[in-house]
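The values are calculated or read from the model by the stated rules, or taken from the named source; none is laboratory data. Since the model is a prediction, treat every value here as computed from it, not as a measurement. In this analysis, Cβ positions are derived from the backbone assuming ideal geometry, glycine residues included, and neighbour counts consider all displayed protein chains.
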Amino acid sequence: MEKIKSILSNKSAAGLYLLTSPVTAGALHTLAEEQKFSFSHLHGEAVATEDAFMDEIQQAANFPDYFGRMDESIIDCIQDLDHWYPRKKGYVFLYDDFHNLAKGAPETFEMVIECFQEGLHFWQERGQKPFYIFMRGDSAFLPTIPTI
């Protein structure tokens with residue numbers, strides 16, 4: 001928990017992480033709120049297709065009704081987070097059980113990771129608000145990202 005708190009309090013630590021800590025979604029939400037960050041929780045337990053993922057991210061991240069349900073739309077909406085959360089100082093996504101999408105639709109999972117990385121890059125370049133993505137699930141599908 002202290003490691004996560006340290007990461008969230010360090011703007012330069014914004015990035016994509018594999019979460020192996022037993023921290024609950026509620027506790028992570030509280031930590032995000034303490035930093036005045038928005039918090040979006042993607043529940044992946046029933047997400048094994050592209051359509052299911054698009055439904056889940058739209059609902060979890062409060063993407064607008066005009067969300068186009070394709071990779072460019074995910075990137076656009078991530079880049080527009082400050083329009084929906086203008087008073088927030090940063091953004092936190094928690095994606096639980098991501099391995100279900102990785103197993104059920106591997107190409108979609110790769111696309112999602114690419115979209116997340118592009119969104120992270122966008123926010124890092126702007127330098128104003130940090131964006132953190134915590135992925136929780138089978139580490140075999142994300143062997144190269146930092147683990148906390």
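Are any residues in region 27-48 polar (S, T, N, Q), surrounded by 21 or more Cβ atoms within 10 Å (Cβ to Cβ) and in a helix (DSSP H, G or I), and if so, which ones? The answer is none; no residue qualifies. Out of ALA61, ALA102, one residue alone is closer than 24 Å to ALA27 by Cα and either in contact (Cβ under 8 Å) with a residue 40 or more places away in the chain or surrounded by 15 or more Cβ atoms within 10 Å (Cβ to Cβ) (or both). It is ALA61.
Consider region 111-133 and keep the residues that are touching a helix residue (DSSP H, G or I) at 6+ places or on another chain (Cβ under 7 Å) and buried (at least 19 other Cβ atoms within 10 Å of the Cβ). The one that is farthest from PHE53 (Cα to Cα) is PRO130. May I ask you to say which residue of ASP76, ASP71, ASP51, ASP55 is out of contact with any Pro (no Cβ under 7 Å at 6 or more places or on another chain), closer than 17 Å to GLU110 by Cβ and either of a type in the set (Lys, Arg) or surrounded by 13 or more Cβ atoms within 10 Å (Cβ to Cβ) (or both)? On inspection, the qualifying residue turns out to be ASP71.
Looking only at region 58-103, filter to residues that are touching a strand residue (DSSP E or B) at 6+ places or on another chain (Cβ under 6 Å) and part of a helix (DSSP H, G or I); which one of those is modelled with the lowest pLDDT? Within region 58-103, the match that is modelled with the lowest pLDDT is LEU81.
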